[in-house]
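Trainee: Once you've had a glance at the structure underneath, I'll fire off some questions.
Values in this text are rule-based calculations from the coordinates and carry no lab data. Computed from a prediction, not measured in an experiment: that's the story for all the values here. So basically every Cβ, Gly included, is an ideal-geometry build from the backbone, and we count neighbours across all protein chains shown.
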Amino acid sequence: MIRGLLLVGAFYGFGALLERAAHLPVPGAVVGLVAFVIALRVGVVKRAWVEEACGFLTGRMALFLVPASVLVVGSGGALAGALVPIVVASVGSALAVMVVVGLVAQKLAPPTKDEGT
């Protein structure tokens, strides 16, 4: 598990450094994640090396949201004036995600027995 955590951390750090050095408009965490996925796909990083560590991290994902939640609660007064745009953006983006995921799932799903006739 230590090797997996070190690899995940290394890709995160790589992404952060690349974002700062190249002044990318994308967060370093996203750059690191893309590099990590590419490394997994081409076989530079083996799934077995990171599987346990990734399972550990995703199993505790809710804990990573606690600091952001505390910040939002603590900044409630500052956010009150932007409540309508926040709600509209949240609902709109959630609906867009659901529609896109549904369409992609339909395209990727194997045909059922009824569709073949």
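Trainee: For the chain, with a Gaussian network of springs between Cα atoms less than 10 Å apart, report the residue from V30, V66, V97 with the top mean-square fluctuation.
Mentor: V97
Trainee: I've got another one for you. Which value in nm describes the separation of the simple spin-label points at V72 and M98, placed 7 Å from the Cα toward the beta carbon?
Mentor: The answer from the label model is 1.7 nm.
Trainee: I want to verify the translational diffusion coefficient of segment 1-100 in µm²/s; compute it with Stokes-Einstein, Rh as the Kirkwood radius over Cα pairs, at 4 °C and 1.567 mPa s.
Mentor: 80
Trainee: Further, regarding this structure: Once both labels are modelled 7 Å past Cα along the beta-carbon direction, what's the L6-Q106 spacing in nm?
Mentor: Once both label points are built, they end up 4.8 nm from each other.
Trainee: So for segment 44-117, Kirkwood radius off the Cα pairs, Stokes-Einstein at 10 °C and 1.306 mPa s: how many µm² s⁻¹?
Mentor: Details: Rh = 16.9 Å.
Here the translational diffusion coefficient equals 94 µm²/s.
Trainee: Taking 0.36 nm per intervening residue step and subtracting the Cα-Cα distance, what contour gain separates D114 from L63 on full extension?
Mentor: Roughly 14.0 nm would be gained on extension.
Trainee: For labels at A80 and R20 in the simple 7 Å Cα→Cβ model, what's the distance in nm?
Mentor: For A80 paired with R20, the spin-label model returns 3.8 nm.
Trainee: State which helices in the chain qualify, where a helix is a whole DSSP H run, it must extend 24 Å or more along its own axis by its Cα atoms, and its mean Kyte-Doolittle hydropathy must be at least 1.6. List each step's numbers first, then the result.
Mentor: Numbers: long enough: 2-22 (29 Å, 1.20); 83-108 (37 Å, 2.12).
The qualifying helices are 83-108.
Trainee: Per residue of the chain, what 222 nm ellipticity follows from adding -39500 (n - 2.57) for every DSSP H run with n ≥ 4, rounded to the nearest 500?
Mentor: That comes out to -26000 deg cm²/dmol.
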